[in-house]
Each structure stands twice: as C-alpha cells, then as structure tokens.
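Participant: The structure that follows is given in the form of structure tokens.
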Amino acid sequence: MAIALGSHFTLVLTEKGNVFAFGENCYGQLGIGNTSDEIGPVLVNDSEQVFNGEEPIMLSAGTQHAACVTRNGSMWMWGKLETDRRDNTSRESRWRPERMYSAVRGARSAAVMVACGIDFTLLLTEAGGVWGHGSGFEGQMGLGCTAILKYHDGMTQIDPACFGGIDSTGVSMVRIGMIGVGSCHCMAVGNEGGRLWTWGLNNSNQLGYECHTESKSVNYYGDDIQCTPTEIDSTTFNIVTDTSSEPDPITFVDGGAGFSVVVTASGTVWLCGLCEVYRYGYQKENPNEDEQYENFERLIGSEILGVGGARTAVCDGSRCLIVAHDGSLWGFGSNHFDCDHRPKRCDDIFVDCDQDNVMVAAVGHSHSAVVSTEGRLYTWNSRLPHFKPDIWPKSRTPSLGAMHDMCVARKLFFPERVGLWNTTDSTMALIFAMGIHPRLGSAASHRVLDVELMRMILNSTCFQCRPGTSDGLRRLMGMD
C-alpha cells in the first residue's frame, strides 16, 4: 500500500514516511489544501499539522477521496467523502487530511488497514474489527437491511458476530486479518484458515453466491444487495486431486466494478462476477455473450505464473494486475495490455527502464502503477496499452508516450525510494559504521558505543509490521 490510485490521481508513500500526490484535484483528493490539479508530485505532509506529525504507513484511494493509516493506529481521510445519492448532491469536501478514527485504550484498537470504494471506506483494526464510513446504499456498511439507503458520517463497526459468531465474553470467534473492496462491495478474510466473507452490491454475482433471503434487499435500480457479511463455502478454494481435497487458505482479496479476485496460499487466482472480466480471463466460444459467474472459478496458478504462483492481484473497474512470486507482472481485463484470452505477462512494457522485479502494483480508473524491489515507481496509462511506463526516481531518459511529464517528479523523488520495506540507506549505515569502527571513525566521539545498540538502532529504521499481521496485508505492503 505504498501507492494508491483513484480516478485520475495518484498517491505515493516513500521510505521516509512522506506522502506525495499528483493528478486531478477537483474535490481536494490530493490532500494538499486546495483544488488545483497537479501534473507533478506535491508533498502532502509538508508540516507537523498534517497527520498531527504521525508517520503514515499505508494509503488507499477511492474514486474521489483517499485515506491513510498512521503508525500510531489512526486513520485519516480527505477529498469528496460525502455524497447523497438520493439527489446526487455532494457535501463539503475536505482539502486536508482529517482524523476519522483513533485508537482508544480499552475501547478501540489501533487501525491496521484501510480500503476505499467508490464513496465508502472500510477499516480493519488490530483486534480484527471491521468498521465502515460513507455510503451504505448498496449494503457496504454490513449493518443489515434497515441501514441501507443511508449515509454514515462517522465510523461504525460491523457486528463481530457476523464473522463466525462471538464467545461467552462477546469476543468474535474469528479475527479478521485482511479486508478488500470493489466499487460497491466488500470482502473480509479470517486471519487463521483464510475464511472469506463478502457483502454489498451483488448485481453481477461479485459476492460469489446468491443473496440470502433473510438478509437480502434491493437498491434503487432493483439490483440485489447482501446487507450483512456472509461466508463463502470454505471448500470452494480447496486443492482437489484424484485422491484428496486439501484446504488452500485465502491470503489476498480485491475487487473491481462487478467482480472479485481471490489469491490462495498456493498462488492460485480465483474470480467471480462480471462477464467482461472473464472474457479476458478465458477464451469463450461466444465472447460477446452476457454471462455472469455466480461462484468463484479458478483462473490461473503456478502452472503458468511459475513457482509460487501469484503473490497479489489488484483490481479496479474491469482490469486486474497480478504480481507473481518471481517478481513478474501479469495483466488481464477490459482494454488492458490487449489481453484477448488468458492473463498475459506484461514485463515487456518496461522498455528503456532498469530490469527491476515488481514488489507491489495498483490499478486506478484510468492508469496503473507498480513499485519495484528497489523502490522505483513505474506508471502508465491503462487505456492505452501501447504506451510505455515512466519511472521514478529517474535513471534514464523518459520513454516515449509516457503518461505524465516527469520533470518535476525527477527532482522530488530522486533522494527517496517508494515503499517502507527498503533496507537501511547506505549513507546512514556508513555513518553508524564510522561511529564504531576504529579506522573509519578514529576521531568520532561515539566510537565506543555498543555494537548491539547500533544494530538495534539500524533495525528500527526499517518498517516492521505489527505482530499477528496477516499474510495478505504483509504482501500488500511489500513486506513478503
């Protein structure tokens, strides 16, 4: 979650905890205090007042709003947060990040992950609680059928009993370890065993099942809505052979407009929902047939992606990018990389750039981006697959047809790598070495400092996930 792509805007988190934003800004979705569009990156946390001086650790972007989780467990939001769909009016936008959730000792645990949909936001806490903010018009808040057709101004927690029930002390039997959202639907994965719950809009069977009668409603258009989280059959993703059927726990989830993607521990990718995505995932006899898939179906695995299979799969609209364990990038979906049938390996788009392996990927409404293992950011226009990506920090001449003018970006991003997983900066390591090595630092006043203390200081400069963080969240943040 070092990069987040919305509708025509991009957010980037660097190794030093700086958030940069560029692109369309009509609702203040860049968080820079105005509504001026920016062609190059602008620093969001440019003062101690932004995020109250707290260090950002992950980002997410919706259509016209964005969110951030800081190291102390707070969640901040900005942009167009509130829309009343009944008359399509928009309330006042926030041009600067505003704290929407904070940990309260003994009452609320720290925020660990945030995911933004079209006009709603889902939050995951360290204790495994799931909270929502924004539109509940398609049941995204998971609060039951009486809560739909409402906008929720504050953070509201989904009843923990929805996720496997509660024990005698009122604690949920299942701790949620990862969340994911599509345009108008939600997903939650249990931290142990990979159990999956989905809820929200189900007009294209993106939830992976038919809505249950007792918790089903419809929106203004007559589309089916699942009002509360409902668990997918745990055997759906099993590894089946002639002699056995072994569980294959879910490690990663994401969704687009009318479809959902699941990645399992074996590196297998599964999809359900809108036929438009499936036409690019499978070769159909009649690719124009109006077909939807109620249940999850296997798309691809290690037999094509290589050893380990898929690590993550990220989606938006009708496009999807798959990051394989070997660092290769694959893509499929509507008007994306000209993929006609099965997912296509996309490494060839990195022309005139260093041969980096991909660490994380993101897809927006009109563009895509990846961050390499070396902390370099590549971005390109999803709607024009013949365009080649550009790269930050600059190491070579910009490739022709790049989506953005990178002249400003080159200067701003050169000293900082993208992502929090990067190893300690070499200059910092040299400074510490000069403090303890008799030859390098013979005149240094602190050369007698304990070596173990130095190692502790060095280790603390690298980002660490909280104990108990789910595998899927670690992968999304590039920590795996």
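The values are calculated or read from the model by the stated rules, or taken from the named source; none is laboratory data. Only a predicted model underlies this, so the values are computations on that prediction, with no experimental measurement involved. Note: ideal-geometry Cβ built from the backbone for every residue, glycine included; neighbour counts use all protein chains shown.
Participant: Please state which one of Asp167, Asp153 is surrounded by fewer than 20 Cβ atoms within 10 Å (Cβ to Cβ), under 21 Å from Trp76 (Cβ atoms) and acidic (Asp, Glu).
Facilitator: None of the other options fit; the residue is Asp153.
Participant: Output yes when any residue across region 207-227 is surrounded by fewer than 22 Cβ atoms within 10 Å (Cβ to Cβ) and modelled with pLDDT of 90 or more, and no when none is.
Facilitator: Step one: filter region 207-227 for residues surrounded by fewer than 22 Cβ atoms within 10 Å (Cβ to Cβ), giving 209-224.
If we keep only those that are modelled with pLDDT of 90 or more too, we end up with none.
No, that holds for no residue.
Participant: How many residues are aromatic (Phe, Trp, Tyr) and within 21 Å of Gly472 (Cα to Cα) when one looks only at region 145-186? Can you show your working first?
Facilitator: Within region 145-186, the first condition is being aromatic (Phe, Trp, Tyr), and the residues that meet it are 151, 163.
Going one step further and asking which of them are within 21 Å of Gly472 (Cα to Cα), we end up with 163.
Looking only at that region, the number is 1.
Participant: Report whether or not Ser260 is at pLDDT 90 or above and surrounded by fewer than 23 Cβ atoms within 10 Å (Cβ to Cβ).
Facilitator: It is false that Ser260 is at pLDDT 90 or above and surrounded by fewer than 23 Cβ atoms within 10 Å (Cβ to Cβ).
Participant: Between Ser93, Ser183, which is small (Gly, Ala, Ser) and either in contact with a Cys (Cβ under 7 Å, 6 or more places away or on another chain) or modelled with pLDDT of 90 or more (or both)? So that I can check it myself, show each step before the final result.
Facilitator: Values: Ser93 fails: either in contact with a Cys (Cβ under 7 Å, 6 or more places away or on another chain) or modelled with pLDDT of 90 or more (or both).
From the options Ser93, Ser183, the qualifying one is Ser183.
Participant: When you check Gly267 against the structure, is it modelled with pLDDT of 50 or more and either within 19 Å of Asn202 (Cα to Cα) or acidic (Asp, Glu) (or both), yes or no?
Facilitator: It is false that Gly267 is modelled with pLDDT of 50 or more and either within 19 Å of Asn202 (Cα to Cα) or acidic (Asp, Glu) (or both).
Participant: Scan region 173-201 for residues that are more than 15 Å from the chain's Cα centre (by Cα) and surrounded by fewer than 24 Cβ atoms within 10 Å (Cβ to Cβ) and jot them down.
Facilitator: Across region 173-201, the qualifying residues are Met173, Val174, Arg175, Asn191, Glu192, Gly193, Arg195.
Participant: Another question, then. Could you please let me know if Ser135 is under 25 Å from Asp159 (Cβ atoms), modelled with pLDDT under 90 and in contact with a Cys (Cβ under 9 Å, 6 or more places away or on another chain)?
Facilitator: Judged against the criteria, Ser135 is a match.
Participant: Next question. Going through Thr235, Thr243, Thr251, Thr230 one at a time, which residue ends up being in contact with a helix residue (DSSP H, G or I) (Cβ under 8 Å, 6 or more places away or on another chain) and without any contact (Cβ under 8 Å) to a residue 40 or more places away in the chain?
Facilitator: Being in contact with a helix residue (DSSP H, G or I) (Cβ under 8 Å, 6 or more places away or on another chain) and without any contact (Cβ under 8 Å) to a residue 40 or more places away in the chain holds for just one of Thr235, Thr243, Thr251, Thr230, which is Thr230.
Participant: What is the one condition in (1) farther than 16 Å from Cys116 by Cβ; (2) buried (at least 23 other Cβ atoms within 10 Å of the Cβ) that Gly6 does not satisfy?
Facilitator: (1)
Participant: Hey, can you tell me all the residues within region 32-79 that are under 26 Å from Ser366 (Cβ atoms), without any contact (Cβ under 8 Å) to a residue 60 or more places away in the chain, surrounded by fewer than 23 Cβ atoms within 10 Å (Cβ to Cβ) and under 19 Å from the mean Cα position of the chain (by Cα)?
Facilitator: Passing the criteria: none in range.
Participant: Looking at region 136-176, which of its residues are more than 18 Å from Ala188 (Cα to Cα) and part of a strand (DSSP E or B)?
Facilitator: If the condition is that a residue be more than 18 Å from Ala188 (Cα to Cα) and part of a strand (DSSP E or B), then Tyr151, His152, Asp153, Gly154 are the ones that fit.
Participant: Among the residues of region 157-180, write down those that are at pLDDT 90 or above and polar (S, T, N, Q).
Facilitator: Gln157, the sole residue that qualifies.
Participant: Can you pull out the residues in region 453-480 that are farther than 16 Å from Ala2 by Cβ and modelled with pLDDT under 75?
Facilitator: Within region 453-480, Leu453, Met454, Arg455, Met456, Ile457, Leu458, Asn459, Ser460, Thr461 meet the criteria.
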